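Only one structure is covered here, and it is reproduced in the block below.
The values are calculated or read from the model by the stated rules, or taken from the named source; none is laboratory data. Note that the structure is a prediction, hence the values are computed from the model and not measured. Backbone-built Cβ (ideal geometry, glycine too); neighbour counts: all protein chains shown.
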Amino acid sequence: METILSHKEGHLAKAIERETSKLPSDLFLWSGLGMLSASFALQICQQKHASLMVGQWAQVVLIMGLYNKMVKQSGHDYKDNRPD
């Protein structure tokens, strides 16, 4: 029976983690905050639909930033490079 600790990531997940770990975490933070600011500005300018669209993407970008941070701290490298 395979446990969670013995799970290894697939090739696609490794490739995504390798590329996203190159991006600074601040990029996601400032992009998310910028989107929230843009959403607020659009709401003030009576562009309700555009404001909602931009505002909904802000949460996605911030969650991607969390994933990026987790990959940097404990990505697949930790488990794959351990001696068995």
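Can you name the residue in the stretch 1-48 that is among the acidic types (D, E) and outside any helix (DSSP H, G or I) and is also modelled with the lowest pLDDT among such residues? Only one residue fits best here, namely E2. In the stretch 38-56, the qualifying residues are those that are of a type outside the set (G, A, S) and in contact with a Gly (Cβ under 9 Å, 6 or more places away or on another chain), and the one that is nearest to P24 (Cα to Cα) is F40. Among the conditions (1) at pLDDT 90 or above; (2) in a helix (DSSP H, G or I); (3) over 13 Å from the mean Cα position of the chain (by Cα), the only one that K79 does not satisfy is (1).
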